[in-house]
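Inspection log for the structure reproduced underneath, given as structure tokens.
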Amino acid sequence: ETGVTQTPRHLVMGMTNKKSLKCEQHLGHNAMYWYKQSAKKPLELMFVYSLEERVENNSVPSRFSPECPNSSHLFLHLHTLQPEDSALYLCASSQAFLIGTTHTEAFFGQGTRLTVV
Amino acid sequence: AQKVTQAQTEISVVEKEDVTLDCVYETRDTTYYLFWYKQPPSGELVFLIRRNSFDEQNEISGRYSWNFQKSTSSFNFTITASQVVDSAVYFCALSPQGGSEKLVFGKGTKLTVNP
């Protein structure tokens, strides 16, 4: 099993569809993240869950809805998306930054390539 | 506000050449952490290094080396004797704390190593 697994790898959806992206980590981490990677833009942090609580929500439109049922799983629910939402969506996990934690680097999945038509 | 600038959008070299990827950052924090990640064509970002602002020692790991200069707010990455497998997009990132919860990434530098 690879460290961070994302499904599906590719997704094409219409603007009226509802779909979900899934992320699973097998690294024993307690923080998980969603990033959006668009062409010619920096990686944009969308959501952060640390110790199963959402700690960061960077002004992401409500058509993106995250869910973290436990420390190993993270979902991104999508509905009524726009064509400009087409991008690579990356999930990552890490140890949460707590006093005494040393290795807190993030490990990434391979991403879901989303196309909104 | 935190900001990371990778001025080189794309670099192309021939195998065995040395190449340096530039990273300049902005922060008002006195404690911060810098990272480099590699993104091969498969998509996932691969962690390469994390340095804290109190440790300005240069680091070498095989063909990779990093030069942290606090005076110029730079954290440059050099690949010695580049190989085709080094072809990827490389991201520099900054965090105001040791964790990954508030990582700010640069736009990345696409490195192509030609045989």
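Quick notes
- Amide hydrogen proximity for B:E17: with H placed 1.01 Å from N in the peptide plane, the residues at 5 or more positions away or on another chain lying under 5 Å are B:S82.
- Probe 1.4 Å, accessible area per residue of the stretch B:60-115, Å²: 37 Å²
- For the stretch B:1-48, diffusion coefficient by Stokes-Einstein and Kirkwood Rh (Cα), 10 °C, 1.306 mPa s, µm²/s: 119 µm²/s
- Around B:L34: net Lys/Arg minus Asp/Glu count, Cβ-Cβ under 14 Å: -2
- Orphan Cys of chain A, criterion: no other Cys C-beta under 4.7 Å: A:C68
- Each 5 Å bin, from zero up to the one with the longest distance, holds this percent of the alpha carbon pairs of the stretch A:1-104: 2, 12, 23, 24, 19, 11, 5, 2, 1, 0.
- Inter-part distance where the stretch A:25-67 and the stretch B:1-17 are each reduced to a Cα centre, Å: 26 Å
- Angstrom value of the Kirkwood radius, inverse mean 1/r, which spans all Cα pairs in chain B: 14.2 Å
- B versus A: buried accessible surface, summed, Å² (probe 1.4 Å, to nearest 100): 1700 Å²
- Here the protein assembly as shown exposes an accessible surface that is 50 percent carbon and sulfur, computed with a 1.4 Å probe and the other protein chains kept in place.
- Pairs of alpha carbons in the stretch B:74-115 separated by more than 14 Å make up 57% of all such pairs.
- DSSP bridge pairs, the protein assembly as shown: antiparallel proportion in percent, nearest 5: 90 percent
- Charge context of B:D18, other residues only, Cβ under 12 angstrom, K/R +1, D/E -1: -1
- Dipole of the protein assembly as shown, positive end: most advanced residue of B:I60, A:S72, B:L34 [Cβ charges, Cα centre]: A:S72
- For chain B, a Gaussian network of Cα nodes joined below 10 Å ranks B:N58, B:N76, B:N67 by mean-square fluctuation, and the top entry is B:N58.
The values are calculated or read from the model by the stated rules, or taken from the named source; none is laboratory data. Bear in mind the structure is a predicted one, so any value in this text is a computation, not a measurement. Methodologically, a virtual Cβ is constructed for each residue, glycine included, from the backbone with ideal geometry; neighbour enumeration extends over all protein chains shown. Areas reflect the complete protein model, heavy atoms only, side chains present, ligands, DNA and RNA absent. Shrake-Rupley method; radii C 1.70, N 1.55, O 1.52, S 1.80 Å.
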